[in-house]
1. Among GLU166, GLU91, GLU115, which is the only one that is modelled with pLDDT of 95 or more and either farther than 25 Å from PRO58 by Cβ or among the charged types (D, E, K, R) (or both)?
2. Considering segment 288-324 alone, what residues qualify as being surrounded by fewer than 23 Cβ atoms within 10 Å (Cβ to Cβ), small (Gly, Ala, Ser) and within 30 Å of VAL235 (Cβ to Cβ)?
3. I'm trying to understand the selection: among the residues of segment 9-26, which are exposed (fewer than 14 other Cβ atoms within 10 Å of the Cβ) and under 45 Å from the mean Cα position of the chain (by Cα)?
4. Within segment 8-17, identify whether any single residue is within 27 Å of VAL119 (Cα to Cα) and in the same structural domain as PRO118 (by TED's automatic domain parsing), and answer yes or no.
5. Criterion first (crowded, with 16+ Cβ neighbours inside 10 Å and assigned to a loop (DSSP other than H, G, I, E, B)) does PRO94 satisfy it?
6. Of the residues ILE252, ILE262, only one is surrounded by 20 or more Cβ atoms within 10 Å (Cβ to Cβ) and in contact with a His (Cβ under 6 Å, 6 or more places away or on another chain); which?
7. Anything in segment 7-56 that is more than 24 Å from ARG71 (Cα to Cα), in contact (Cβ under 8 Å) with a residue 12 or more places away in the chain and among the hydrophobic types (A, V, I, L, M, F, W, C)? List them, or say none.
8. For segment 34-43, which residues satisfy the criterion of being assigned to a loop (DSSP other than H, G, I, E, B) and either surrounded by 15 or more Cβ atoms within 10 Å (Cβ to Cβ) or more than 42 Å from the chain's Cα centre (by Cα) (or both)?
Amino acid sequence: MDPGIWKELSNVHLERGEPEKAEATLRAELTAVPHSPQASWRLANFLLVRGRTDEAFPYLRTAATHERSLRVPVFDLAWKLQADPDVILRELIPADTEARADYLQFLLVRRRLPEAYPVWTEVSKANSPAMIRLGNSYAEILATAGMGTEAARVWKELLAITGRSEPKPSDERLTNGDFEANISNAGLDWRLIKGPGYQIDLDAFAFQNGTRSLRVTFDGTANPEFAGVWQAVPVEPNRKYRFQGYLKTDSITTDNGLFFAIVSLGAPREEAFAHSTESRVETVGWVREQLDFQTGPRTSVVAIQLRRSLSRKLNNLIQGRAWIDNLSVKPREP
């Protein structure tokens, strides 16, 4: 029952040029300690060195099933040994949800994003908080990579799984543009970034439409390059779009106020763009802001941001409040 002795005995046989006896020893260890991940790992590597890849697969799978620390090495080996992701998933990746979630995380880290989708469809059935976090990460990474169609598909599935699918116009691209739903701060929902000198909250007392808006309060202690509110929005290539949104300010100080910006995400350099509305300072009632933009042939994700530029003036500490509400991104007819 001592794995160290089995290992030493197999090494002695290998040093003496007796591979058949070494293999017999490794198999005997598995007979003595069935499903041992370390023994399975050793036998798999023995077989791989001898070019017997297909024979090694079941032992690699056993190692990954019973020892979590061996999963990443097994996943790495899988992609070196086999180019077909379907074969890897079927024959090498353990079938339990935890192991497949680890494999999905591995694929996201390695940026094998298309290959991750079949794994996501399996693990998403668990509908657990951990799986939801993984799905959010997947949608975010797809959007950042400029894979808008894929990001939109995963995000739509996540909204359905979490019960957040809301009726909206079929051509609307933004999520929760009216702020009537709570903000998850993940995936393709609104992302709220903390920073010095300001606080971001939902506001049920001031709104342009519906029952809530999003409020940013600046306390006068900082001069931030503010980009604390943004959302990644999947769009279609070679398409004209119109962004609309409402902005309200109350006693915003300094020369640089708040404005909306639209920036391409994951687009080739020659297609990159950044558009912005007028900067709003002091006190201004609800103003409808609008931006028209067109995507390039390989641009399928944009970021909608609430921004404020760094002030170069001496009196540059910003104070006051701003609200946004009723935001929308829709295709525009030529």
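The values are calculated or read from the model by the stated rules, or taken from the named source; none is laboratory data. Just so we're clear, the structure is a prediction, and the values are computed from it rather than from any experiment. FYI the Cβ positions are ideal-geometry reconstructions off the backbone, even for glycines, and counts take in every protein chain you see.
1. Working: GLU166 fails: modelled with pLDDT of 95 or more; GLU91 fails: modelled with pLDDT of 95 or more.
Only one candidate qualifies: GLU115.
2. Across segment 288-324, the qualifying residues are GLY296, ALA303, SER309.
3. Selection gives ASN11 alone.
4. At the first step, the residues of segment 8-17 found to be within 27 Å of VAL119 (Cα to Cα) are none.
No; the residues of segment 8-17 include none that is within 27 Å of VAL119 (Cα to Cα) and in the same structural domain as PRO118 (by TED's automatic domain parsing).
5. Numbers: crowded, with 16+ Cβ neighbours inside 10 Å: yes; assigned to a loop (DSSP other than H, G, I, E, B): yes.
When the stated conditions are applied, PRO94 passes them.
6. Working: ILE252 fails: in contact with a His (Cβ under 6 Å, 6 or more places away or on another chain).
After applying the criteria, what remains is ILE262.
7. Answer for segment 7-56, where residues must be more than 24 Å from ARG71 (Cα to Cα), in contact (Cβ under 8 Å) with a residue 12 or more places away in the chain and among the hydrophobic types (A, V, I, L, M, F, W, C): LEU9, ALA22.
8. Of all residues in segment 34-43, those assigned to a loop (DSSP other than H, G, I, E, B) come to 34-36.
SER36 - this is the single residue of segment 34-43 that is assigned to a loop (DSSP other than H, G, I, E, B) and either surrounded by 15 or more Cβ atoms within 10 Å (Cβ to Cβ) or more than 42 Å from the chain's Cα centre (by Cα) (or both).
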